[in-house]
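These notes concern the structure reproduced below.
The values are calculated or read from the model by the stated rules, or taken from the named source; none is laboratory data. Owing to the predicted nature of the structure, the values given are computational and were not obtained by experimental measurement. Glycine also receives a Cβ, built like all others from the backbone with ideal geometry; neighbour counts cover every protein chain displayed. To get the accessible areas, we keep the full protein, side chains included, count just its heavy atoms, and leave off ligands, DNA and RNA. Shrake-Rupley method; radii C 1.70, N 1.55, O 1.52, S 1.80 Å.
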Amino acid sequence: MKQPANTSEKVPLVTKLAFGSGDVGPAVATGIMSFFLLYFFTDVARLSPATAGIILLVNKLWDAVNDPLIGMLSDRIHTRWGRRRPWFLFGAIPFGVTFFLLFQVPNLGASGKFWYYLIVSLMLDIAFTVVNVPYTALTAELSRDYDERTSLNSYRFAFSIGSGLLAAFFHPIIVDAIKPTGGEAMGYAVSAAIWAIVATVPFFFAFWGTYERHTPEEEAPMPFLEGLKATFSNRAFRYVTGIYLLSWLVVQTVSTLVIYYLTYWLRRPELVPFVLLGVQGSSLIFLFVWTAISRRIGKKGVYTYGMVWWIIVSFLLFIVQPSWPPYVIIILGVLAGVGVATAYLVPWAMLPDVIELDELKTGRRREGAFYGFFVLLQKLGLALGLFLVSQGLAVSGYITPPPGTTTPIVQPDSALLAIRLMIGPIPALVLAAGILLVHRFPITRKDHEATLAELARRRAQAEMAP
């Protein structure tokens, strides 16, 4: 799609829809991995929690290299389609294929399975980076308007949460439908094939319907080490990364624990899709509610109210007993989604403001570098959450179900307590730390408007210069 001829920072509706659709694939993959990957490793592929944790830890060490690297490369390349869009055009199919391969159970021993999942997860991580880092960097290029960027992220996360909702809800239904005849492993394989296709196709619409708004002087490359130093010397960026990492760590930790919490503590595995539907559905609705509220009280206020709400729900989840009615659990899921929406929305809406401040200081626009580190944090939160949960389960004496098990086994009290702590009080403390950081974030609406005015003045001077 060609860039609109006018210079308005307002983004056309079709572009917002196309931009939003680009997060369907990452959301489907992240949603299924967040809620079901560790359970798949421990209860379907029959890996020990400690072994699964090692796979995830190695994967994230690799992440620390490839995410910023791809981000910086996307700042430097120049094609007739732009700097960002070719990456997710050509990376879409490898992304879908590697996601499908991750949820297969090879006929190998424990050592063979370890190496299979390690290699495939590393391949998926590369493909994820190739499609997602350049895609997210489009936010800052589509518009510089303070509120329009919040709107763009509302569309993006509407698609993200909506597709994640569908994947989280229907994945266990697909698995359970196939399980009686083909087994749970076959159920995961079939479901992965379906969601791999769903994750791949929207990238082509996103490529067609978006454009890139940048000028040659904004593309001047910065050496890698200099760029790395400049990125983390940005005080506002350090704060927003802390806010996002803490928020996303809790999102991923709680997401991972839901299936264990419902299966082993409450003994109600049949509630999994409905609780996930409540959380994701509520998040989807409140994306737009919080967006409207942010125009009145700002991003910091929205984040604070959302996190306080979520902290209250976290403590309620800790005190829930197996004898409580099922509808109470579903209601708590809905209430949790109100806070989860702010974890999706606010940090991503803050990041483009940081990029403008960086441009003011360095004279360069480096969306790819900043978004590369941000996607790294997203995947770090996912992997760190999975890793911490896996180690918590291992230390607490969690019992991996033996082959042939078809019903939930009885876990020791120590494992059940660990599950409750990791879904309630511990996340609440992390969220409280995020609130402290958000109040120290140095960019306000007024600051951002002053930054844009100075950048506009500099561009006007550059255009007038001989």
Give the residues of the range 152-184 that are of a type in the set (Gly, Ala, Ser) and crowded, with 18+ Cβ neighbours inside 10 Å, sorted by residue number. Ser154, Ala158, Ser160, Gly162, Ser163, Gly164, Ala167, Ala168
Is it true that some residue in the range 307-316 is in a helix (DSSP H, G or I), among the aromatic types (Phe, Trp, Tyr), farther than 21 Å from Phe441 by Cα and touching a Lys or Arg at 6+ places or on another chain (Cβ under 9 Å)? no
Top-ranked residue of the range 412-455 - restricted to ones that are modelled with pLDDT under 90 and hydroxyl-bearing (Ser, Thr, Tyr), ranked as farthest from Val302 (Cα to Cα): Thr451
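Condition check ((1) buried (at least 19 other Cβ atoms within 10 Å of the Cβ); (2) under 30 Å from Pro352 (Cβ atoms)) across all residues:
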residue: Phe103; (1), (2): yes, no
residue: Gly109; (1), (2): no, no
residue: Ile119; (1), (2): no, no
residue: Val133; (1), (2): yes, yes
residue: Thr136; (1), (2): yes, yes
residue: Thr139; (1), (2): yes, yes
In the range 266-298, which residue that is part of a helix (DSSP H, G or I) and in contact with a Pro (Cβ under 9 Å, 6 or more places away or on another chain) is nearest to Glu148 (Cα to Cα)? Leu276
Residue satisfying condition, being of a type in the set (Val, Ile, Thr) and under 30 Å from Arg46 (Cα atoms), within set Ile419, Ile443: Ile419
Does Arg85 qualify as being without any contact (Cβ under 8 Å) to a residue 12 or more places away in the chain and over 18 Å from Met350 (Cα atoms)? no
Residue pairs qualifying under the 8 Å Cβ cut-off, at least six apart or on distinct chains, with the first in the range 158-177 being under 10 Å from Ile32 (Cβ atoms) and the second being open to solvent by 20 Å² or more (accessible area, probe 1.4 Å), are Ala167/Trp195; Ala167/Val198; Ala168/Leu277; His171/Trp195
Count - residues of the range 32-46 that are open to solvent by 10 Å² or more (accessible area, probe 1.4 Å) and of a type outside the set (A, V, I, L, M, F, W, C): 2
Counting only helices (runs of 4 or more DSSP H) wholly inside the range 16-120, the ones holding at least 1 residues that are modelled with pLDDT of 85 or more and either under 25 Å from Leu166 (Cβ atoms) or among the basic types (Lys, Arg) (or both) are 24-32, 85-102
Hits in the range 438-466 (condition: within 30 Å of Thr256 (Cβ to Cβ) and open to solvent by less than 50 Å² (accessible area, probe 1.4 Å)): Val438, Phe441
Test each condition in (1) of a type outside the set (Gly, Ala, Ser); (2) part of a helix (DSSP H, G or I); (3) at pLDDT 80 or above for Ile409 and report the one that comes out false. (2)
